[in-house]
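The values are calculated or read from the model by the stated rules, or taken from the named source; none is laboratory data. On a predicted model such as this, the values are computed, not experimentally measured, just so you know. Cβ placement follows ideal geometry from the backbone for every residue including glycine, while neighbour counts extend to all protein chains displayed. Ligands, DNA and RNA are excluded from the accessible area calculation, which covers all protein heavy atoms including side chains. Shrake-Rupley method; radii C 1.70, N 1.55, O 1.52, S 1.80 Å.
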Amino acid sequence: MSDALESRILKAATTTAIEELPEFPDNKSDLPSDYEYDPNEEEEIEEVEEIDENDLLKYLDEQENPLYIAQRLFYKEVNTTASQATFPTWKLECLPCKTIEDLYGHGWATVDGLIDLMVLKGARAEAESLSKEGAFTRASNLANSDDPFRDHTARDDWITWLDPTSSSDKKNPPNLQAILDFFNGPLHHDLSRMIRLRGKTEYQLAHYKPENGARYERHRDAFPTDDPEDTQQRRVTAIMYLNPGWTQRDGGELKIYGQADGHGLIDAADRTVPPMLGRLVIFLSGVVDHAVLPSNMDRYALTAWMR
Ligand SMILES: O=C(O)CCC(=O)C(=O)O
Ligand SMILES: [Fe+2]
């Protein structure tokens, strides 16, 4: 790592928001009697250099491979022959054991066919109706403008947040609700049997429009952590795609960037995952760099971020 980056990171880490204030004089006569206010005089503000999120992740990745950090959130090592012998005790409700092994060993996995086809098609139609009704907001408009890490030009998707436990006056459409129930029920059950999950889950429905090929640049959904008490960082990203009849011409694939650990132990190849109807992709949020390639179709996906 360059010295410049290291010193910037250290500087940002040690900069406190509250500047040391001079002591207030107890004797009032010490105050200037005739305080002149000059509106043109600019207040002196110390400039804190912003650290790009990718620079920070690069720095952290150099300290330790993020996959190894996230593996410590698993209750046990799961990609060994010994652990395979214990498959029956895992008592998973929906995921194949292989999916958990991939998640542990590579940081990501895909699995198809977990949701009924009619439910998936219904959910797609419901997502389209929500879009027509104007329920979606441009994601880049929602990005927290105080957050120096977030680059607002990085994504073109439109999003709406969903609540699986929404009250009767604000009900979700039934098929989308069925997928939320799947995320909230069996999927969360299986993942939380294997991985320490503590915090809240967020649910987002996203729409990438074909005009100008909507995309989302390379990014990571969280910083790597192995702190079981942490409730801020997302731990697992699960995405259900809602795109019937997808073909290669439609684009919009999820690109997963390979990683190397310097010993050739990790599969370093980049991969693309076609976003077809009913495909579920799961990855460790603090580990996997990913992007959405330009989409030439209306591309819908329902995502859960588990903490
Ligand atoms: O929809 C996808 O395939 C990925 C979207 C994504 O990376 C995100 O919303 O953070
Ligand atoms: Fe993402």
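The residues of the range 240-266 that are in contact (Cβ under 8 Å) with a residue 60 or more places away in the chain, crowded, with 22+ Cβ neighbours inside 10 Å and either not polar (S, T, N, Q) or not assigned by TED's automatic domain parsing to the domain that holds GLY278 (or both), listed by number, are MET240, TYR241, LEU242.
Considering every residue within the range 123-146, establish whether at least one is of a type in the set (Asp, Glu), closer than 28 Å to LYS91 by Cα and either more than 16 Å from ligand 1 (Cβ to nearest atom) or open to solvent by 20 Å² or more (accessible area, probe 1.4 Å) (or both). Checking the range 123-146: not a single residue is of a type in the set (Asp, Glu), closer than 28 Å to LYS91 by Cα and either more than 16 Å from ligand 1 (Cβ to nearest atom) or open to solvent by 20 Å² or more (accessible area, probe 1.4 Å) (or both).
Look at (1) β-branched (Val, Ile, Thr); (2) more than 16 Å from ligand 2 (Cβ to nearest atom); (3) more than 18 Å from GLN71 (Cβ to Cβ) and you find that ILE266 fails only one, number (3).
Candidates THR89, THR110, THR160, THR99: the one that is at pLDDT below 95 and in the same structural domain as LEU284 (by TED's automatic domain parsing) is THR89. Taking the listed residues ILE159, ILE179, the one that is more than 16 Å from ligand 2 (Cβ to nearest atom), among the aliphatic types (A, V, I, L, M) and within 25 Å of VAL288 (Cβ to Cβ) is ILE179, with no other qualifying. Within the range 209-237, the set of residues being more than 10 Å from ligand 1 (Cβ to nearest atom) and outside any loop (DSSP other than H, G, I, E, B) comprises just one member, VAL236.
When the test is whether a residue is more than 12 Å from ligand 2 (Cβ to nearest atom), under 23 Å from ARG138 (Cα atoms) and not in a strand (DSSP E or B), MET240 does not pass it.
Test ILE195 against the criterion of being surrounded by 20 or more Cβ atoms within 10 Å (Cβ to Cβ), more than 15 Å from the chain's Cα centre (by Cα) and away from ligand 1 (no atom under 16 Å from the Cβ), and give yes or no.
Working: surrounded by 20 or more Cβ atoms within 10 Å (Cβ to Cβ): yes; more than 15 Å from the chain's Cα centre (by Cα): yes; away from ligand 1 (no atom under 16 Å from the Cβ): yes.
So ILE195 passes the test.
A residue that is surrounded by fewer than 18 Cβ atoms within 10 Å (Cβ to Cβ), outside any loop (DSSP other than H, G, I, E, B) and among the small types (Gly, Ala, Ser) occurs nowhere in the range 267-275. Inspection of the range 285-296 identifies no residue that is more than 19 Å from the chain's Cα centre (by Cα), more than 13 Å from ligand 1 (Cβ to nearest atom) and open to solvent by less than 10 Å² (accessible area, probe 1.4 Å).
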